[in-house]
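Some notes on the structure that comes next.
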Amino acid sequence: MYRGRRHRRAPGAREALEIKLAELAALRRTEDDLTAIDAALQTMRGEVEHGELGEEGDRRFHAAVTAAAHSGLLADFMREIAEQIAESRHESLQQPDRPAQSLSQHQAIAEAIHAQQPEAAVAAMREHLETVRRVRLLNWKPDEDA
């Protein structure tokens, strides 16, 4: 039976994938995984503090979360869309105040993974990716796609 449209937008492929990776990372992470996540955050923090965009730290963070999920299949999917993610990352982090905001959102994801709280990791990753999506929508110029 049709009950009308959902109020929440269904996640895209990247969003669904990264949300699941965050959930699995919270459940499966090892001490080595936490070290890699923390190192990525430190890299991004240093970049942002030096006025950079934080792209390398951002890339490392998402790679560390992917590794912490311990799912070869999902890691393969992430490798397949790596180029699109890199473009999205670059575009998003160009926006004013976005690098610091992204760092803060990454910290929330990391805290949930550290605490082995999959629901919190899902919520934090969803919020992060929704922010990225909103930034991309606000900057979309249809004439450039033609």
By residue number, the members of region 39-57 that are surrounded by fewer than 16 Cβ atoms within 10 Å (Cβ to Cβ) and either part of a helix (DSSP H, G or I) or without any contact (Cβ under 8 Å) to a residue 40 or more places away in the chain (or both) are Ala39, Gln42, Gly46, Glu49, His50, Gly51, Glu56
Can you tell me which residue in region 21-38 is nearest to Gln101 (Cα to Cα), limited to those that are of a type in the set (D, E, K, R) and either modelled with pLDDT under 95 or surrounded by fewer than 18 Cβ atoms within 10 Å (Cβ to Cβ) (or both)?
Asp38
So which residues in region 98-146 are open to solvent by less than 20 Å² (accessible area, probe 1.4 Å), among the hydroxyl-bearing types (Ser, Thr, Tyr) and at pLDDT 95 or above?
Ser102
Identify the residue in region 69-81 that is surrounded by 13 or more Cβ atoms within 10 Å (Cβ to Cβ) and assigned to a helix (DSSP H, G or I) and, among all such residues, is nearest to the chain's Cα centre (by Cα).
Met78
Among (1) farther than 19 Å from Arg134 by Cα; (2) surrounded by 15 or more Cβ atoms within 10 Å (Cβ to Cβ); (3) more than 14 Å from the chain's Cα centre (by Cα); (4) of a type in the set (S, T, N, Q), which single condition is Gln95 missing?
(1)
Exactly one of these conditions fails for Ile85: (1) in contact with a His (Cβ under 8 Å, 6 or more places away or on another chain); (2) assigned to a helix (DSSP H, G or I); (3) at pLDDT 95 or above. Give me its number.
(3)
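The values are calculated or read from the model by the stated rules, or taken from the named source; none is laboratory data. Quick caveat, the model's predicted, so the values are computed rather than measured. Every residue, glycine among them, receives a Cβ derived from its backbone with ideal geometry; neighbour counts consider all protein chains shown. Protein only, heavy atoms only, side chains kept; ligands, DNA and RNA dropped before computing areas. Shrake-Rupley method; radii C 1.70, N 1.55, O 1.52, S 1.80 Å.
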